[in-house]
1. Taking the chain as the reference, fit the longest principal axis to its C-alpha atoms, fit the long axis of helix 236-246 to the helix C-alpha atoms, and give the angle between the two in degrees, 0 to 90, nearest 10.
2. When only Cα pairs under 8 Å and 6 or more residues apart are kept, what is the percent relative contact order across the chain?
3. Starting at the first residue of region 4-13, write each ³J(HN,Hα) from the Karplus equation 6.51 cos²θ - 1.76 cosθ + 1.60 with θ = phi - 60°, in whole Hz, x for Gly and Pro.
4. What's the extension gain from TRP337 to GLU367 if we count 0.36 nm per residue and subtract their Cα-Cα distance?
5. Report the charge-dipole magnitude of region 323-395 in Debye, nearest 20, computed about the Cα centre from +1 at each Lys and Arg Cβ and -1 at each Asp and Glu Cβ.
6. With unit charges on the beta carbons (Lys and Arg positive, Asp and Glu negative) and the dipole taken about the Cα centre of the chain, which residue among PHE342, VAL188, ASN307 sits farthest to the positive side?
7. Which net charge results when you count Lys and Arg as +1 and Asp and Glu as -1 among the other residues whose beta-carbon is under 12 Å from that of ASN307?
8. Under a plain spin-label model, where a point goes 7 Å from the Cα along Cα-to-Cβ, how far apart in nm are ARG245 and SER264?
Amino acid sequence: MKTQVAIIGAGPAGLLLGQLLTVAGIDNIILERRSADYVLSRIRAGVLEQGTVDLLREAGVDTNLDAHGLVHDGFDIAFAGERVRIDLAGLTGGKHVTVYGQTEVTRDLMNARQSLGASTYYQAEDVQPQAIDTDSPYVTFIHEGEQYRLDCAYIAGCDGFHGVSRSCIPEDRLKTFEREYPLGWLGVLSDTPPVAEELIYATHERGFAMCSMRSPSRSRYYIQVPDTESPDNWSDEAFWAELKRRLPEPVADTLVTGASIEKSVAPLRSFVAEPMQHGRLILLGDAAHIVPPTGAKGLNLAVSDVNTAYRLFQAIYNDGRADLLERYSATCLSRVWKTERFSWWMTANLHKFSATEDFDTRMQQAELGYYLGSKAGRATIAENYVGLPFAELEQ
Ligand code: APR
Ligand code: PHB
């Protein structure tokens, strides 16, 4: 088998890159370890930056997004007994975010790929990039018991944090940076109307809580728990009771509760691998970096890598600029680190880390008090939340 770009992983990064390349006439094949149903069963965040929406539109995947995406002009941070609104539109000259589940983005991309007839191998086993240091790389894998070799010009590693691609970069070339937080988010999805029209990030002495949504009749709520916590330890009743305790009283009083349709604990971690390219292999999305969910940047950061990779492949195939491959990593990383900073800042300042009132807790209060009380501070939060501009591949 032969293609131009072999894509490993059918998460949002792999699927969106595949869609953009196919529309642009650049041949690609996706190899995914799991089944399509398994990929679609993963519930993840649901806030899209404007740049993410624009790129989905460029890929021609905007019908459901336009029909069901909820445009949000602001969100609230509950702090010290007050709800402070971050007026995204007012503070950024009219920018906003769109609330639309990552699962839906993935489903839309899978359907679009199928209707273009582009090829995807689900349940591909033992996927292995080969000869990435040469001009003739290839990927080997097993599908339905048969061994395959996929020859290609480039390999796009979109296979998430636990994928195989990152480990193909020689150990002496790869440097990783990591911060683990001793906490997780216990999330519940329920068919209940959202408690507020906009998202609420709530600080509380019992721990952080947040209110999000998927539609006018489907809500997503989270509470901070220890990272060792199991969702099995939480009945629906216990979850709702704890969530209510952590929300401002007027919000808690209007919360509509109901049966959970999904309950899971997500760990919180910051991670970056450098460089994001070695030979003919590039890394995109969670394969190269992880952000904690505070600020909803995971999917958006994957999409900004996709944007860079897509511009790169266009430059290579339309303008003969194979030399630009060398710029891929630095271009992506300049934006990755800024987004890592924002996700870390939100995480560090909105959660409870210490059982006692110590210097760090006072610093959190001072930090939030300062940022939320200052128009410039709120503008900084807003500018990051709606998404920093995509980094340009220097030509
Ligand atoms: N071979 C083939 N596919 C693999 C392999 C492998 N060895 N390892 C992992 N995969 C697949 C996974 O099954 C998954 O479907 O790669 C895909 C990676 O998808 P994601 O983990 O969703 O990563 P990404 O596309 O970068 O999306 C980033 O989505 O995962 C969330 O929190 C993440 O919001 C972030 C965004
Ligand atoms: C979500 O809707 O799941 C969500 C929203 C905002 C976040 C994280 C998750 O910061």
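Laboratory data are not the source of any read-out in this text; all were calculated from the coordinates shown. What you see is a predicted model, and the numbers here were worked out from it, not measured in a lab. With ideal geometry, Cβ positions are generated from the backbone for all residues, glycine too; neighbour counts draw on all protein chains shown.
1. Taking the Cα atoms of the chain, the angle to 236-246 is about 70 degrees.
2. Working: 808 pairs, mean separation 78.3, N = 395.
That works out to 20 percent.
3. 7, 10, 8, 10, 9, x, 10, x, x, 5
4. Working: separation 30, 0.36 × 30 = 10.80 nm, distance 2.05 nm.
Length gained, TRP337 through GLU367: 8.7 nm.
5. Working: 8 positive and 10 negative charges, 62 e Å.
Magnitude of the dipole: close to 300 debye.
6. Of the options given, the answer is PHE342.
7. Details: positive: ARG311, ARG335; negative: GLU49, ASP54, GLU58, ASP305, GLU392.
Net local charge, ASN307 excluded: -3.
8. 2.6 nm
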